[in-house]
1. Please work out which residue is farthest from residue 286 (Cα to Cα), limiting yourself to segment 319-339 and to residues that are among the polar types (S, T, N, Q) and open to solvent by 30 Å² or more (accessible area, probe 1.4 Å).
2. Being within 29 Å of residue 456 (Cα to Cα), among the hydrophobic types (A, V, I, L, M, F, W, C) and out of contact with any strand residue (DSSP E or B) (no Cβ under 9 Å at 6 or more places or on another chain) narrows it down to one residue among 225, 268, 243, 257; which is it?
3. Can you name the helices (runs of 4 or more DSSP H) wholly within segment 51-132 that have at least 1 residues being open to solvent by less than 10 Å² (accessible area, probe 1.4 Å), more than 16 Å from the ligand (Cβ to nearest atom) and in contact (Cβ under 8 Å) with a residue 60 or more places away in the chain?
4. Tell me, yes or no, whether segment 99-111 has at least one residue that is within 20 Å of residue 199 (Cβ to Cβ), out of contact with any helix residue (DSSP H, G or I) (no Cβ under 9 Å at 6 or more places or on another chain) and not β-branched (Val, Ile, Thr).
5. Could you run through segment 477-497 and say how many residues are among the polar types (S, T, N, Q) and more than 28 Å from residue 239 (Cα to Cα)?
6. I'm checking my understanding of the structure. Among residues of segment 350-379 that are open to solvent by 20 Å² or more (accessible area, probe 1.4 Å) and among the hydrophobic types (A, V, I, L, M, F, W, C), which one is nearest to residue 471 (Cα to Cα)?
7. Determine whether residue 382 is in contact with a strand residue (DSSP E or B) (Cβ under 8 Å, 6 or more places away or on another chain), in a loop (DSSP other than H, G, I, E, B) and open to solvent by less than 30 Å² (accessible area, probe 1.4 Å).
Amino acid sequence: MPQSAEKILDHSKLFNEPEYQKLFEDKKQFEGCHPEELVAAQAAHINTWEYREKNFAREALTVNPAKACQPLGAVFAAAGFEHTLPFNHGSQGCTAYFRSHLTRHFKEPCPAVSTSMTEDAAVFGGLQNMIDGLQNAYQVYKPKLIAVSTTCIAEVIGDDLNAFIGKAREKGAIPEDFPVAYAHTPSFVGSHVVGYDLMVKGVLSCFWDKAERTPTAKINIIPGFDGYVVGNNRELKRILGEFGVEFTIMADSSDFFDTPTDGTYRMFDGGTKLTDVAEGLNAKATISLQQYCSTKTLEYAQSKGQDVASFHYPMGVSATDELLMKISEITGKPVPATLERERGRLVDAMADSSAWLHGKTVSIFGDPDFVYGMARFAMELGMEPVHCLSTNGTKEWVAQMDELLKGNSYGAKGQVWAGKDLWHMRSLLATEPSEFLIGSSYGKYLEKDLGIPLIRLTFPIFDRHHHHRFPTFGYQGGLRVLVTILDKILDVLDVETAKTGISYDLVR
Ligand code: SF4
């Protein structure tokens, strides 16, 4: 056998050994496989225009959607508040999925609990599960705030969170004055960005609903659902610190998803202080960095008398310019000279590399704000978007994307796809390919099948490590995104030029 105690092979090498290759070949006879010619013919057929039309005609089936369900976004948002326990009213398996999904991306544990509803609760209602769950969670984990969201099962039977939480107080499961935020997050509509929005609004409502507003000069910033939260929120704090403005980041999970290894397990770490959440009502304005992660929250902030503004994932030069100008306009403080120098450095780096970026075609998939921000930056770099796909994109998003692409000569090839999944993307790339693909780890099968190099720049990234520790927001983040794109382009160039040896050189 190739595997022995003296010479332990990793799986990647082990399964290429002749013994395993023979084993894989032999077991095909028991697997009921189709003949290889038929498989090859089918593989060729799914790359055709004819199949693309059939694929786009499907109505009742989604294959590999580039989105997650609402409560996952709610758990992520809850993790951004001080000593707050994300709590799902529903099935245990759903919560296990949210925890593992976030853990696999951040390489950090993600504590969250559920009311463990099973068949009896599905028939008779989950009130008792809620009472027991709140009591256990309060006594065992001693949080300062519990943030309750729902999974499908609770929504299908119509459990009323407000009434259930009130009942739990009546029964003495939690103290009368203990804060419990809640959000109904039915997963059969919307996506994780909607769940994020509803939970942030739920937490703000918990502290703002009955309070009186006394306006101050402070601003609230809502970063939105962001796989780069660790690097991005720290970068945001640095930028706002350079400005010298007073601010509160609402839902700051940068420390929760980046606890140090120093011998102490931290179930809760960092997060927006609950006193700051309460004081956030008095803020002059609330700014969201991702419009589609904050629709309801901004409506709520506006109803309280605050100014509001939203952006689409501020990456690159013009998007960062807009954000900084807005902060300057709201606070009356000038854009700091230090940030102006950073802008110049990013423009310099873009100019240095423009020969390798110019005219490269790229397709992009992900959340609506990310796709918008990424397409915008790609065009600043001289790249040409081909397919821009967002499974959770809306009609409004399509209109915004169309306007963005039409307003830029680099956007002439751009097509916008809302509500489509990655199996649609496969047909699009097979029939109208681009040179590169930007998205999450879920794009790796498209890369394998179609030979289009994948650049991982959005959540979730499972098969590469620690990207989330470095920012993508702002000018500094723009540099990092630029380098990530360039590294892939130059790697591909090296592979291509190595075939002939011509132009395979050290000067790029
Ligand atoms: S879609 Fe519904 S059942 Fe599936 S994980 Fe999300 S909440 Fe649970």
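The values are calculated or read from the model by the stated rules, or taken from the named source; none is laboratory data. Keep in mind it's a predicted model, so treat the numbers as computed, not measured. Every residue, glycine among them, receives a Cβ derived from its backbone with ideal geometry; neighbour counts consider all protein chains shown. Just the protein is used for accessible areas: all its heavy atoms, side chains included, with ligands, DNA and RNA removed. Shrake-Rupley method; radii C 1.70, N 1.55, O 1.52, S 1.80 Å.
1. 338
2. Sole residue among the options that is within 29 Å of residue 456 (Cα to Cα), among the hydrophobic types (A, V, I, L, M, F, W, C) and out of contact with any strand residue (DSSP E or B) (no Cβ under 9 Å at 6 or more places or on another chain): 257.
3. 92-106
4. Within segment 99-111, one or more residues are within 20 Å of residue 199 (Cβ to Cβ), out of contact with any helix residue (DSSP H, G or I) (no Cβ under 9 Å at 6 or more places or on another chain) and not β-branched (Val, Ile, Thr).
5. Initially, segment 477-497 is screened for residues among the polar types (S, T, N, Q), giving 484, 497.
From the residues that got through so far, the ones that are more than 28 Å from residue 239 (Cα to Cα) too are 497.
Residues flagged as among the polar types (S, T, N, Q) and more than 28 Å from residue 239 (Cα to Cα) within segment 477-497 amount to 1.
6. Applying the filter and picking the extreme gives 350.
7. Details: in contact with a strand residue (DSSP E or B) (Cβ under 8 Å, 6 or more places away or on another chain): no; in a loop (DSSP other than H, G, I, E, B): yes; open to solvent by less than 30 Å² (accessible area, probe 1.4 Å): yes.
So residue 382 does not fit the description; no.
Okay, residues lined up against (1) aromatic (Phe, Trp, Tyr); (2) surrounded by 18 or more Cβ atoms within 10 Å (Cβ to Cβ); (3) touching a Pro at 6+ places or on another chain (Cβ under 7 Å):
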residue: 225; (1), (2), (3): yes, yes, no
residue: 246; (1), (2), (3): no, no, no
residue: 255; (1), (2), (3): no, yes, no
residue: 269; (1), (2), (3): no, yes, no
residue: 283; (1), (2), (3): no, yes, no
residue: 293; (1), (2), (3): no, yes, no
